Amino acid sequence: MAINQCELRPMGKSIHRKEDPRFIRGQGRYVDDIVLPNMLHMSIVRSPYAHARIKSINTDAAYQVPGVKLIITGEDLAKLKLAWIPTMAGDVQMVLAVGKVLYQYQEVAAVVAETRAAAVDAAQLVEVEYEALPVVVDPFRAIQPDAPVLRDDREKKSNHIWHWEAGDREKTEEIFKDAPVVVSQDVRFQRVHPSPLEPCGCIADYNKGTGKLTWYVTSQAPHAHRTVLAMVSGLPEHKIHVISPDVGGGFGNKVPVYPGYVCAIVASLQLGQPVKWIETRTENIASTGFARDYHMKAEIAADENGKVLALRVKTLADHGAFDAAADPTKFPAGLFSIVTGSYDFQQAFVEVDGVYTNKAPGGVAYRCSFRVTEAAYLIERTMDVLARKLNMDPADLRLRNFIKKEQFPYQSPTGWTYDSGDYEQTFKLALEKIGYQELRKEQAEKRARGELMGIGISTFTEVVGAGPSHSFDIMGIKMFDSAEIRVHPTGKVIARLGVRHQGQGHETTFAQIIAEELGLTTDDVLVEEGDTDTAPYGLGTYASRSTPTAGGAAALCARRIREKAKKIAAHLLEVGEEDVAWNGEAFQVKGLPSRKVTMGEVALAAYTNLPEGMEPGLEATYYYDPPNLTFPHGAYIAVVDIDKGTGAVKVRRFLAVDDCGNVINPMIVEGQVHGGLTEGFAIAFMQDIPFDEDGNCLAPNWMDYLVPTALDSPHWETDRTVTPSPHHPIGAKGVGESPNVGSPAAFVNAVVDALAPFGVEHIDMPIFPWKVWEILRKSGVTE
Amino acid sequence: MQIRVTVNGRVYESDVEPRTLLVYYLREHLRLTGAHVGCDTTTCGACTVLLNGKAVKSCTVLAVQANGQEILTVEGLERDGELHPLQKAFWEEHALQCGYCTPGMIMTACELLERNPLPTEEEVRKGISGNVCRCTGYVNIVKAIQSAGRVLAAQKMDPHNQSEVVPSGN
């Protein structure tokens with residue numbers, strides 16, 4: 001059933017999604033749905049200790065389980081030089097533990113058997129003898145000179161990984177020295193995990209006859225994974241076929257290459273049979289890429305009127321046992337230096353130190369463009385601290401300090417060139433729409449009655465779309481992206497891109513871009529992603545980069561098709577090319593709108609009736625290297641009520657006004673905003689992965705790591721302004737992550753605002769009811 | 001163990017290991033892969049199916065417990081090539097993104113609307129609180145369920161009324 005896909009000029013319309021018909025019928029094809037002949041199953045033995053020497057591994061009993069085919073240990077991998085693999089962050093990580101384990105749930109052995117159950121049964125019978133070692137959980141302890149050195153494989157005998165800085169230290173210090181007002185705030189962004197509903201998993205299928213490895217994997221970056229695999233394994237890249245089938249959510253979790261993947265591939269290479277590995281939820285949370293875990297300190301220097309002057313930030317980044325962060329290689333702290341946000345600081349200095357602890361590795365960009373969430377949260381939180389210090393309304397403080405519309409392109413003190421924005425317009429729309437002045441009046445009345453109500457603001461700027469290849473690469477591979485379009489004789493199109501969607505709706509939105517450029521309907525355009533044998537090379541979908549990079553490639557690729565099509569149209573119309581014009585739906589003779597040919601007619605001619613000497617066919621490929629990143633922004637306002645008896649926070653209203661430039665599909669943009677806000681809400685109030693002093697992970701499942709249900713989640717209100725990106729081919733900026741980046745500060749600012757009468761200046765996330773209740777109890781509000 | 005189960009109106013006789021979970025029986029024996037596995041702790045509801053009309057998390061039911069019972073999965077909702085009103089409404093209201101939670105969410109909603117044909121927003125939110133969606137933020141899922149409820153209620157009042165929820169577009 002085709003619905004609403006038969007319209008020309010689909011750009012900017014809420015076309016219903018082309019991918020939905022299979023999902024609503026239960027016909028999605030996720031990696032665990034795939035069954036291959038003679039397929040084996042793998043289960044992983046994991047460490048119960050956070051830091052321990054491995055004294056012995058005994059697999060005898062496990063091998064007795066019927067159906068067991070192979071058990072792999074770190075020693076086995078060492079013989080293949082695969083016990084360690086490089087990480088994207090320039091570190092190395094263990095695939096299976098060799099000598100010792102460095103975090104709880106670390107991979108120690110892999111068991112391959114004929115059935116899923118046999119593999120699990122046998123894994124439980126692998127006997128590992130450990131000798132416990134001292135555990136380092138606290139990153140501040142890790143950098144003390146007498147702390148046990150965790151990574152004895154490194155030359156550098158310390159837990160310090162790297163130091164990174166941006167901005168001008170001296171000029172910033174000078175401003176701080178004489179500043180009339182200085183505020184300082186310690187802010188923790190807790191360890192969280194993206195936890196997509198579908199955990200990670202793969203099937204490795206090595207065919208000894210062809211020498212080809214087909215690897216089905218739930219991947220956000222299949223091409224990058226193929227290249228990494230070729231580099232690590234020595235298999236020739238053209239004989240590795242990566243297929244990322246339907247992906248059940250990613251949010252950054254499915255960017256890295258995980259140890260289980262390497263084990264499944266090694267097992268298939270050895271056995272010549274397909275090997276499936278699907279992790280459990282516990283394995284997902286406790287061992288695959290976590291996010292955040294930043295211990296930050298921000299200081300703002302300002303004048304007495306609330307004009308900000310300089311920003312100074314010092315951060316300790318807890319990376320766990322290996323630095324497996326998924327950042328562009330030259331950016332160990334990602335794009336964290338966007339921390340000056342929407343405000344016109346004269347100077348800024350930002351420094352980050354990465355450290356090792358006995359925790360699972362990661363540092364992935366969880367619905368975030370590489371540490372931008374940490375940055376946005378820090379500056380938006382600290383602006384509220386400054387407002388409090390100056391006794392100013394936080395809205396007024398922001399309006400006083402916004403980068404003005406006429407300052408774009410704006411050069412930030414940490415080196416970014418913001419492309420466009422109109423912060424005042426967006427914020428004023430939000431203030432008006434939520435009725436800010438009335439809410440403040442209501443709050444004053446409620447305070448007088450002893451009721452707790454808070455209003456929180458976040459007016460953030462994001463930086464997405466990595467990126468220009470002069471700065472951004474992953475292990476040397478430039479972060480461009482690509483599109484290939486084939487127009488078939490009957491005017492129907494297959495388009496393939498180097499990115500890989502996980503729910504963002506590319507099959508619809510990229511069809512809209514291409515249909516718009518070619519005068520077709522979205523029904524005419526089939527978008528395919530995720531197959532490295534057919535799609536052009538690209539770096540994948542994360543960091544809101546798909547529309548800024550592959551979306552640009554799709555538009556420019558279609559325009560390249562149109563250039564050739566115009567020549568064919570001139571031939572069909574029997575006029576010179578200079579007399580042909582594109583009217584948005586067809587080629588026409590200039591001044592004679594009735595003499596026209598459609599793209600469908602041109603397509604047929606490209607295979608049947610070409611101008612003399614022209615190469616047949618109507619296809620093009622475009623590799624797009626964007627000239628700059630894009631800078632979406634937004635103004636979010638949260639209104640909360642707090643129950644004095646329980647400390648529970650109710651988000652009564654939340655308004656998100658986003659500006660992501662030109663919009664391809666408003667329905668999909670709104671859906672992205674709803675989803676991102678819900679994850680931001682979860683981070684502010686629920687999601688946290690704590691550890692005890694022995695390094696035990698205290699939230700390794702969804703009973704303890706709280707993900708929001710429909711009952712927890714607020715109702716979201718949305719609106720938008722449009723400030724097109726001046727350099728993007730269709731003026732779009734990307735939106736998937738803005739709501740997750742911008743919202744945590746709005747929630748926390750609202751709760752702190754509600755509790756301000758008790759002298760509260762900051763509360764670290766997640767704001768569980770007990771934290772609020774303790775504050776109320778100490779303040780004598782509740783017993 | 002031998003079991004005999006009716007799934008989507010079809011009778012299956014199978015030999016299963018006693019510990020086989022219903023979700024793996026459906027997925028791996030019958031190759032009905034609409035029910036998904038997302039958590040291990042009966043939290044996420046991605047595996048929800050109807051067992052004798054009641055929504056159950058099929059990761060927490062043994063296949064042998066389904067012996068002699070009737071099961072409806074998302075694959076059994078379409079009738080004569082016509083989508084179920086819930087399937088149409090999820091499409092129309094953009095109530096799914098990655099699609100992984102969708103079959104379970106639709107089956108839970110199916111039972112909810114059977115019990116409470118015209119639920120309020122609050123009732124829908126409570127009714128689906130055993131199903132996790134990580135993508136949509138639930139707003140559009142709630143809308144879709146309420147919209148399908150109205151269509152089903154209209155159909156019940158007038159059995160000849162086969163009016164469709166056709167997405168209206170822009």
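The values are calculated or read from the model by the stated rules, or taken from the named source; none is laboratory data. It should be emphasised that the depicted structure is a prediction, and the values quoted were computed from it without experimental measurement. Here Cβ is always computed from backbone atoms with ideal geometry, including for glycine, and neighbour counts include all displayed protein chains. The area values use the complete protein model at the heavy-atom level, side chains included, leaving out ligands, DNA and RNA. Shrake-Rupley method; radii C 1.70, N 1.55, O 1.52, S 1.80 Å.
Can residue B:61 be described as more than 24 Å from residue A:281 (Cα to Cα), outside the structural domain of residue B:149 (by TED's automatic domain parsing) and over 13 Å from the mean Cα position of the chain (by Cα)?
Judged against the criteria, residue B:61 is not a match.
Got a sec? Which of A:19, A:75 is among the acidic types (Asp, Glu) and more than 14 Å from every other protein chain (Cβ to nearest Cβ)?
Values: A:19 fails: more than 14 Å from every other protein chain (Cβ to nearest Cβ).
Matching residue, one of A:19, A:75: A:75.
Test residue A:123 against the criterion of being touching a strand residue (DSSP E or B) at 6+ places or on another chain (Cβ under 7 Å) and in a helix (DSSP H, G or I), and give yes or no.
Working: touching a strand residue (DSSP E or B) at 6+ places or on another chain (Cβ under 7 Å): yes; in a helix (DSSP H, G or I): yes.
It is true that residue A:123 is touching a strand residue (DSSP E or B) at 6+ places or on another chain (Cβ under 7 Å) and in a helix (DSSP H, G or I).
Counting only residues that are buried (at least 24 other Cβ atoms within 10 Å of the Cβ) and more than 14 Å from every other protein chain (Cβ to nearest Cβ), which one in region A:524-534 is farthest from residue A:734 (Cα to Cα)?
Out of the qualifying residues, it is A:532.
Here are some residues: A:37, A:48, A:21. Which one is within 30 Å of the chain's Cα centre (by Cα), of a type outside the set (D, E, K, R), open to solvent by 50 Å² or more (accessible area, probe 1.4 Å) and under 29 Å from residue A:254 (Cβ atoms)?
Exactly one of A:37, A:48, A:21 is within 30 Å of the chain's Cα centre (by Cα), of a type outside the set (D, E, K, R), open to solvent by 50 Å² or more (accessible area, probe 1.4 Å) and under 29 Å from residue A:254 (Cβ atoms), namely A:48.
Looking only at region A:112-124, decide whether some residue is surrounded by 17 or more Cβ atoms within 10 Å (Cβ to Cβ) and under 28 Å from residue A:227 (Cβ atoms).
Looking through region A:112-124, at least one residue is surrounded by 17 or more Cβ atoms within 10 Å (Cβ to Cβ) and under 28 Å from residue A:227 (Cβ atoms).
Mind listing whichever residues of region A:267-291 are of a type in the set (Val, Ile, Thr), surrounded by 24 or more Cβ atoms within 10 Å (Cβ to Cβ) and more than 13 Å from residue A:69 (Cα to Cα)?
A:285, A:288
Spot the failing condition for residue B:145; the list is (1) open to solvent by less than 10 Å² (accessible area, probe 1.4 Å); (2) modelled with pLDDT of 95 or more; (3) facing chain A (nearest Cβ under 7 Å), and only one is missed.
In the conditions (1) open to solvent by less than 10 Å² (accessible area, probe 1.4 Å); (2) modelled with pLDDT of 95 or more; (3) facing chain A (nearest Cβ under 7 Å), residue B:145 misses (3) alone.
Among the residues of region A:757-771, is there at least one that is in contact with a Lys or Arg (Cβ under 6 Å, 6 or more places away or on another chain), farther than 30 Å from residue A:555 by Cβ, charged (D, E, K, R) and open to solvent by 50 Å² or more (accessible area, probe 1.4 Å)?
yes
Taking region A:366-404 on its own, how many of its residues are closer than 30 Å to residue A:254 by Cα and touching a Pro at 6+ places or on another chain (Cβ under 9 Å)? Lay out the reasoning, then the answer.
Step one: filter region A:366-404 for residues closer than 30 Å to residue A:254 by Cα, giving A:366-381.
Cutting the leftovers down to touching a Pro at 6+ places or on another chain (Cβ under 9 Å) gives us A:366-367, A:370, A:373, A:376-377, A:380-381.
Total satisfying the criteria: 8.
Which residue, of A:508, A:521, A:459, is at pLDDT 95 or above, of a type outside the set (A, V, I, L, M, F, W, C) and open to solvent by 10 Å² or more (accessible area, probe 1.4 Å)?
Values: A:508 fails: open to solvent by 10 Å² or more (accessible area, probe 1.4 Å); A:459 fails: open to solvent by 10 Å² or more (accessible area, probe 1.4 Å).
Of the residues listed, the single one that is at pLDDT 95 or above, of a type outside the set (A, V, I, L, M, F, W, C) and open to solvent by 10 Å² or more (accessible area, probe 1.4 Å) is A:521.
Filter region A:426-454 for residues that are among the small types (Gly, Ala, Ser) and more than 35 Å from the chain's Cα centre (by Cα); which is least open to solvent (accessible area, probe 1.4 Å)?
Ranking the candidates gives A:450 first.
The rows are residues; the columns are (1) under 30 Å from residue A:275 (Cα atoms); (2) loosely packed, with under 14 Cβ neighbours inside 10 Å; (3) among the charged types (D, E, K, R).
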| position | (1), (2), (3) |
| --- | --- |
| A:147 | no, no, no |
| A:157 | no, yes, yes |
| A:166 | no, no, no |
| A:170 | no, yes, yes |
| A:176 | no, no, no |
| A:201 | yes, no, no |
| A:205 | yes, no, yes |
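Can you tell me which residues in region A:321-374 are over 25 Å from residue A:739 (Cα atoms), modelled with pLDDT of 95 or more and assigned to a loop (DSSP other than H, G, I, E, B)?
Selection gives A:321, A:322, A:323, A:346, A:356, A:357, A:358, A:359, A:360, A:361.
Answer yes if at least one residue in region B:112-121 is assigned to a helix (DSSP H, G or I), more than 9 Å from every other protein chain (Cβ to nearest Cβ) and within 30 Å of residue A:219 (Cβ to Cβ), and no otherwise.
There is no residue in region B:112-121 that is assigned to a helix (DSSP H, G or I), more than 9 Å from every other protein chain (Cβ to nearest Cβ) and within 30 Å of residue A:219 (Cβ to Cβ).
Which of the residues belonging to region A:207-239 are among the polar types (S, T, N, Q) and surrounded by fewer than 17 Cβ atoms within 10 Å (Cβ to Cβ)?
A:207, A:210
Results for (1) of a type outside the set (Phe, Trp, Tyr); (2) open to solvent by 40 Å² or more (accessible area, probe 1.4 Å); (3) in contact with a strand residue (DSSP E or B) (Cβ under 7 Å, 6 or more places away or on another chain), shown as yes or no for each residue.
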{"position": "A:584", "(1), (2), (3)": "yes, no, no"}
{"position": "A:597", "(1), (2), (3)": "yes, no, yes"}
{"position": "A:611", "(1), (2), (3)": "yes, no, no"}
{"position": "A:622", "(1), (2), (3)": "no, yes, yes"}
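Here are some residues: B:137, B:99, B:68, B:130. Which one is within 27 Å of residue B:14 (Cα to Cα), in a loop (DSSP other than H, G, I, E, B) and either at the interface with chain A (Cβ under 9 Å from one of its Cβ atoms) or open to solvent by 10 Å² or more (accessible area, probe 1.4 Å) (or both)?
B:68
Taking interchain pairs and intrachain pairs at least six residues apart, which have beta carbon atoms under 7 angstrom, with the first residue in region A:702-726 and within 10 Å of chain B (Cβ to nearest Cβ) and the second open to solvent by 60 Å² or more (accessible area, probe 1.4 Å)?
The qualifying pairs are A:704/A:698; A:711/B:126; A:717/A:653; A:718/A:670.
Considering region A:480-523 alone, what residues qualify as being assigned to a loop (DSSP other than H, G, I, E, B), within 27 Å of residue A:674 (Cβ to Cβ) and away from chain B (no Cβ under 14 Å)?
A:499
Would you mind finding the one in A:358, A:401 that is crowded, with 23+ Cβ neighbours inside 10 Å and among the polar types (S, T, N, Q)?
Checking each option against the conditions leaves just A:358.
State whether one or more residues within region B:41-60 are in contact with a strand residue (DSSP E or B) (Cβ under 6 Å, 6 or more places away or on another chain), on the phi > 0 side of the Ramachandran plot and surrounded by fewer than 24 Cβ atoms within 10 Å (Cβ to Cβ).
Yes, region B:41-60 contains a residue that is in contact with a strand residue (DSSP E or B) (Cβ under 6 Å, 6 or more places away or on another chain), on the phi > 0 side of the Ramachandran plot and surrounded by fewer than 24 Cβ atoms within 10 Å (Cβ to Cβ).
Hey, any hits in region A:87-97 for a residue that's over 21 Å from residue A:256 (Cβ atoms), open to solvent by 20 Å² or more (accessible area, probe 1.4 Å) and touching a residue at least 60 places away in the same chain (Cβ under 8 Å)?
Going through region A:87-97, the residues over 21 Å from residue A:256 (Cβ atoms) turn out to be none.
No, the conditions are met nowhere in region A:87-97.
Considering only residues that are part of a loop (DSSP other than H, G, I, E, B) and either open to solvent by 30 Å² or more (accessible area, probe 1.4 Å) or at positive phi (or both), which ones fall in region A:126-136?
Matches in region A:126-136: A:133, A:134, A:135.
Quick one: is residue B:75 open to solvent by 30 Å² or more (accessible area, probe 1.4 Å) and more than 8 Å from chain A (Cβ to nearest Cβ)?
No; evaluated as a whole, the condition is false for this residue.
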